[in-house]
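Report on the following structure.
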Amino acid sequence: MTDVNNTSIVIKGGTILDQRGEQVGDVRIEGGVITEVGPSLTGDRVLDASGCMVSPGFVDLHVHLREPGREESETVETGSRAAALGGFTAVVAMPNTEPPHDSVSVVQMVRRLGEQAGLCEVLPSGCITIGRAGEVLAPMAELAAAGVHIFTDDGTGVQDPLLMRRALEYAKSLGILLAQHCEVSRLTEGAVMHEGGCCSRLGVPGWPSVAEELMVFRDIELSRLTGAPIHFLHLSTAKSVDLVRAAKAEGLLVTAEAAPHHFTLTDELLSGFDPIFKVNPPLRELTDVIAVRQGLADGTIDAIATDHAPHPPELKEMPLDQAPPGMLGLETSLALSITELGLPLQQVVGLLSWKPAAIAGVAERHGRALEVGAPANITVFDPNLAWTVSSSALASKSRNTPYAGRSVRGKVRHTVFGGNPVVVDGQAQR
Ligand code: DOR
């Protein structure tokens with residue numbers, strides 16, 4: 001958001017798509033904000049949007065940027081570039097770095113690295129417990145005072161129910177949001193893939209659905225007890241979706257996200273023992289995939305979040321039981337959502353933009369309707385453009401996409417972040 005000068009930019013010839021509906025029109029940007037919306041606008045610089053939708057920028061609630069500590073996999077800069085190319089103007093950075101996000105200094109460093117890259121807003125999450133070890137609460141008040149809104153131990157769930165209760169009580173008083181990675185770790189020790197028919201045939205240790213569902217159930221009840229909101233990360237099973245649906249019907253303060261791989265891929269892909277398909281929570285069965293899609297369609301699941309988890313080839317090419325879980329997501333999320341969900345485009349964009357923006361607490365800056373005065377965080381995408389995913393063409397530092405060779409539809413053309421065109425005609429500008 002640093003380079004904005006007095007040049008006016010016009011996004012021309014597209015269809016504006018936001019929470020109010022669709023409208024043909026141009027958008028003029030000056031000084032980082034939208035200054036005019038209407039027909040036949042002129043400006044110093046024109047971004048052609050013909051055939052494209054012009055929407056509020058996307059917000060990803062769940063990315064692993066790996067810095068500090070695992071820069072061979074990704075850095076804040078390379079991850080931000082992948083995000084911008086995927087149409088994201090803000091991303092929530094997960095805390096499982098080395099050191100983790102359990103101190104103000106680490107959080108401030110990650111935020112500063114994001115500002116230096118200048119490709120999207122990097123919103124560091126904070127740890128719920130020190131070292132994500134599940135034993136002692138992190139300094140949540142201090143982290144909240146430093147601007148952190150989402151707290152999670154992602155990569156692991158908080159196992160101790162009393163600690164989780166206390167964390168929710170603090171969260172309520174601080175006005176922050178806890179986001180749970182739902183996994184009862186005693187039930188997943190040594191697990192390699194979803195526990196089901198495919199896993200039995202392969203004879204490898206399984207990750208039972210109930211390991212996720214028990215924690216979803218527990219935390220719904222702890223949210224009810226404490227009155228604090230809870231967000232569920234990467235839901236993957238049919239029963240988890242049902243539990244969240246029932247909690248919402250009761251009016252509880254529950255939100256949830258799902259990752260593209262959980263609505264596009266099944267556990268059968270592991271039958272060749274290829275670690276590219278290993279992820280936590282694991283790819284599940286077709287009934288689960290259908291349930292996640294249904295949850296996205298009926299509003300039970302509030303947001304699509306990528307769980308972008310870069311790993312270098314030397315780790316992802318290890319045997320299935322040793323390879324780390326995780327797959328890339330930032331550059332394929334929009335296309336998979338358009339191609340696979342069969343939902344109206346406005347609903348897809350809501351799941352990628354204004355709904356996650358509200359959960360992340362950044363709705364003032366991101367996901368806002370494209371009207372005069374709104375900050376210019378904007379994504380321009382062609383919903384019909386067909387392309388084939390190629391791992392070597394990705395901007396991420398890692399290559400671990402499970403979608404290489406897959407034909408998809410829908411591509412980001414331009415991304416404007418803080419008034420700066422950071423992606424133009426599909427090319428990152430920095
Ligand atoms: O597959 C995953 N990878 N799930 C997680 O929860 C963590 C992530 C990672 O950090 O690689």
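The values are calculated or read from the model by the stated rules, or taken from the named source; none is laboratory data. Nothing here was measured: the structure is a model prediction, and the numbers come from that model. Positions of Cβ are backbone-derived with ideal geometry, glycine not excepted, and every protein chain shown enters the neighbour counts. These area figures cover heavy atoms from the full protein model, side chains too; ligands, DNA and RNA do not enter into them. Shrake-Rupley method; radii C 1.70, N 1.55, O 1.52, S 1.80 Å.
Annotations for the structure displayed:
- Complete set of residues in region 185-235 that are within 14 Å of the ligand (Cβ to nearest atom) and either open to solvent by 20 Å² or more (accessible area, probe 1.4 Å) or among the charged types (D, E, K, R) (or both): S185, E212
- Residue among E142, E98, E135, E115 that is among the acidic types (D, E), assigned to a loop (DSSP other than H, G, I, E, B) and more than 13 Å from H64 (Cα to Cα): E135
- The number of residues in region 131-171 being more than 16 Å from the ligand (Cβ to nearest atom), buried (at least 21 other Cβ atoms within 10 Å of the Cβ) and touching a residue at least 60 places away in the same chain (Cβ under 8 Å) comes to 1.
- Looking across E30, E36, E71, E67, one residue alone is more than 22 Å from I150 (Cβ to Cβ) and within 16 Å of the ligand (Cβ to nearest atom). It is E71.
- Extreme residue, surrounded by the most Cβ atoms within 10 Å (Cβ to Cβ), among residues of region 312-332 that are more than 11 Å from the ligand (Cβ to nearest atom) and not in a loop (DSSP other than H, G, I, E, B): P313
- Subset of region 24-36 [in a strand (DSSP E or B) and more than 27 Å from the chain's Cα centre (by Cα)]: V24, D26, R28, E30, T35, E36
- Within region 373-393, tally of residues that are assigned to a loop (DSSP other than H, G, I, E, B) and surrounded by 24 or more Cβ atoms within 10 Å (Cβ to Cβ): 2
- Members of region 289-311 found to be part of a loop (DSSP other than H, G, I, E, B) and either under 10 Å from the mean Cα position of the chain (by Cα) or surrounded by 17 or more Cβ atoms within 10 Å (Cβ to Cβ) (or both), listed by number: T300, I301, D302, A305, T306, D307, A309, P310, H311
- Of E285, E268, all but one fail to be more than 16 Å from the ligand (Cβ to nearest atom), over 25 Å from A363 (Cβ atoms), in contact with a strand residue (DSSP E or B) (Cβ under 9 Å, 6 or more places away or on another chain) and open to solvent by 30 Å² or more (accessible area, probe 1.4 Å); the exception is E285.
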